[in-house]
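What follows is calculated from the coordinates using simple rules that are stated; it is not laboratory data. Predicted, not measured: the structure shown is a model, and the values here were computed from it. Positions of Cβ are generated from backbone atoms using ideal geometry, with glycine treated the same way; all protein chains shown enter the neighbour counts.
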């Protein structure tokens, strides 16, 4: 069955995946979603025999039906190779009463690698399929991890240029240094004076600027996105939830068909949306547990049906979740409103104009498979210390948010069935917060010197991508205000 894609806001005809991936975002500002979700049409026992790459090929080919199987196999094999420091690609480890899906073994030590090592290859395949001869400009806003993962994936890729905007004071020292030391003539990294929502809104505005798009086309360029608004970024993330289930099945932690709970620390809703899509494919998932930090706009939405971004933006130790406008929620809303694009447009208009929207009681019934919870900074640090003290296992701040919310869920519901937690980043990316949570004496130490401390604590080597990062040359030093982002794009592309 061919899978086609349409905009959540109803504009235009249904299109194949290659065109959706190339475009990134729909012309009407909506997000592309599959018209139907393909099922897992093989037995779990059969799928459990596949390694990660073969499983990825199977699942992704179910969605990207216009790209031939050999092309997709090349994309998968090019993505999941020796750049991962564990040949299992995604280990699933049991510690402190939960199973952690380690999504940080790629080149930038964060879950974004799972899709962004593949997206450049998918874009090239899509461009060839669509006979596109324009240079693809990857325009991305990041709260820390997407930026570096996208830069790493697209650096040196012919026919592309990548521009990343990040909030100057909204990422960790390690995250910033990872981005600003990125080499590659086609890479551009720019700090903005604002928060992630400012960066994301600026990027969305540029995508929606038709005059700017025409100017780009005249100069031989076209925009695409590496954020999870791009359906080509989202689909590879489905794979690791299926993989985690199969790992529990192989280790006899569950019986075939037995349901599990999935816990995802999330800010932009993309990672948990991938888990939601895995459930729609037929994965036996009981509850999708959406874990937020104290920027808990998603928790409130799941519990009340009201999405309200009119609140103070708080910078936390889990910066990838410091988000008040969760872009990927629009894809879930599309299902909740029973695929009514006019209702989507009304909700998004209310959010833009009033800063909030509310859904009906009947729509709220669609949220029954979600549990929303959040962790304070103190609870986050306590979870890091608890897991380390009880198992000798280090988790980063985002994973700690997930663990904290999971423990709260079990306490409130008594549901202690097998659970998997998306461990979204290496603890080495946040050494100050992680080491400081375990012992106060580390709280005021420089993050770079704390890498050795974490190595000692964990009994593991400092990950290769971070070794000697402090001494690497900073090559990206530009910054701008939110109103100057278009100018910076023109400058990066040599358009004056």
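Under a point spin-label approximation (7 Å from Cα along Cα-to-Cβ), what is the residue 280-residue 2 distance to one decimal in nm?
2.0 nm
Just to compare against my own numbers: the Cα pair-distance distribution for region 272-324, 10 Å bins, whole % per bin, please.
Per 10 Å bin, starting at 0, the Cα pair percentages come out as 23, 42, 29, 7.
Multiply the residue separation of residue 81 and residue 168 by 0.36 nm, subtract the distance between their alpha-carbon atoms, and state the gained length in nm to one decimal. Before the final figure, lay out the partial values.
Numbers: separation 87, 0.36 × 87 = 31.32 nm, distance 3.26 nm.
Contour length minus Cα-Cα distance gives 28.1 nm.
Within the P(r) computed for region 47-122, what percentage of the Cα pairs occupies the region above 17 Å?
For region 47-122, the share of Cα pairs beyond 17 Å comes to 47 percent.
Hey, what number do you get for the chain at 222 nm if only DSSP H runs of n ≥ 4 count, each worth -39500 (n - 2.57), divided across all residues, to the nearest 500? Before the final figure, lay out the partial values.
Details: 21 runs with 214 residues, N = 496.
Here the helix-only value at 222 nm equals -12500 deg cm²/dmol.
Give the dimensionless ratio obtained when the Cα radius of gyration of region 54-202 is divided by 2.2 N^0.38 Å. Mind dumping the intermediate values first?
Values: Rg = 16.5 Å, N = 149, 2.2 N^0.38 = 14.7 Å.
That works out to 1.12 for region 54-202.
Please report, in Å, the Rg and the Dmax of region 117-168, where both are computed over Cα atoms only.
Final numbers for Rg and Dmax: 11.6, 38 Å.
Across the chain, how large is the tail of the calculated P(r) beyond 46 Å, expressed as a percent of all Cα pairs? Please list the in-between numbers first.
Numbers: 5359 of 122760 pairs.
Beyond 46 Å sits 4 percent of the P(r) for the chain.
Provide the descending list of Cα extents for region 214-310 along its principal axes, expressed in whole angstroms.
Taking max minus min along each principal axis of the Cα atoms, region 214-310 gives 58, 35, 20 Å.
Can you pull the Kirkwood radius for region 390-496, inverse mean 1/r over Cα pairs, to one decimal in Å? Could the numbers behind the result be given before it?
On the way: mean 1/r = 0.0581 Å⁻¹.
Taking the inverse mean of 1/r over all distinct Cα pairs, region 390-496 comes out at 17.2 Å.
Would you calculate the convex hull of the Cα atoms in region 352-441 and tell me its volume per residue in Å³?
Values: hull volume 14.0 nm³, N = 90.
In region 352-441, the Cα hull volume divided by residue count equals 156 Å³.
Using alpha-carbon pairs under 8 Å, 6+ residues apart, how would you state the relative contact order of region 410-491 in percent?
Numbers: 37 pairs, mean separation 14.4, N = 82.
Answer for region 410-491 is 18 percent.
Could you give the Stokes-Einstein D for region 300-416 in µm² per second, using the C-alpha Kirkwood radius, 37 °C, 0.692 mPa s?
Details: Rh = 16.1 Å.
Diffusion coefficient, whole number: 203 µm²/s.
With r as the distance between the Cβ atoms of residue 467 and residue 365 and R0 = 56 Å, compute the FRET efficiency 1/(1 + (r/R0)^6) and round to 0.05. Before the final figure, lay out each step's value.
Numbers: r = 51 Å, r/R0 = 0.90.
The computed FRET efficiency comes out at 0.65.
Given a cut-off of under 8 Å on Cα pairs at least six residues apart, what relative contact order in percent is computed for the chain?
Working: 969 pairs, mean separation 89.9, N = 496.
It rounds to 18 percent for the chain.
Once fully extended, how much extra length lies between residue 460 and residue 70, figured as 0.36 nm per residue of separation less the alpha-carbon to alpha-carbon distance? Show your work: numbers first, answer last.
Details: separation 390, 0.36 × 390 = 140.40 nm, distance 3.78 nm.
Full extension of this stretch gives 136.6 nm more.
With label points built 7 Å along Cα→Cβ from the Cα atoms of residue 217 and residue 390, find their separation and express it in nm.
5.8 nm
Kirkwood Rh, region 170-228, all Cα pairs: how many Å? Show your work: numbers first, answer last.
Details: mean 1/r = 0.0736 Å⁻¹.
Evaluated on region 170-228, it is 13.6 Å.
For an R0 of 41 angstrom, estimate the FRET efficiency from the Cβ-Cβ distance between residue 439 and residue 13 and round to the nearest 0.05.
In this case the efficiency is close to 0.10.
For the chain, give me the percentage of DSSP beta bridges that are antiparallel, rounded to the nearest 5 percent. Write down the numbers at each step before the final one.
Values: 12 of 49 bridges.
Of all bridge pairs located within the chain, approximately 25 percent are antiparallel.
For region 158-267, place one equal point scatterer on every Cα, skip the solvent, and apply the Debye formula. What is log10 of I(q)/I(0) at q = 0.24 Å⁻¹?
-1.42
Given region 25-65 reduced to its alpha-carbon atoms as identical point scatterers, what log10 I(q)/I(0) does the Debye formula return at q = 0.14, 0.17, 0.22, 0.29 Å⁻¹?
-0.45, -0.58, -0.77, -1.03
Can you tell me the order of 406-412, 394-400 when each peptide is scored by its average per-residue count of other Cβ atoms within 10 angstrom, highest first?
On the way: 406-412: 16.9, 394-400: 30.3.
Ranked from most to least packed, the peptides come out as 394-400, 406-412.
Give me the Å³ per residue figure for the convex hull around the C-alpha atoms of region 194-238.
Working: hull volume 3.8 nm³, N = 45.
In region 194-238, the Cα hull volume divided by residue count equals 84 Å³.
Roughly speaking, what is the stretch gain from residue 252 to residue 484, that is 0.36 nm per residue apart minus the C-alpha to C-alpha distance, in nm to one decimal?
Numbers: separation 232, 0.36 × 232 = 83.52 nm, distance 5.53 nm.
Gain in length upon complete extension: 78.0 nm.
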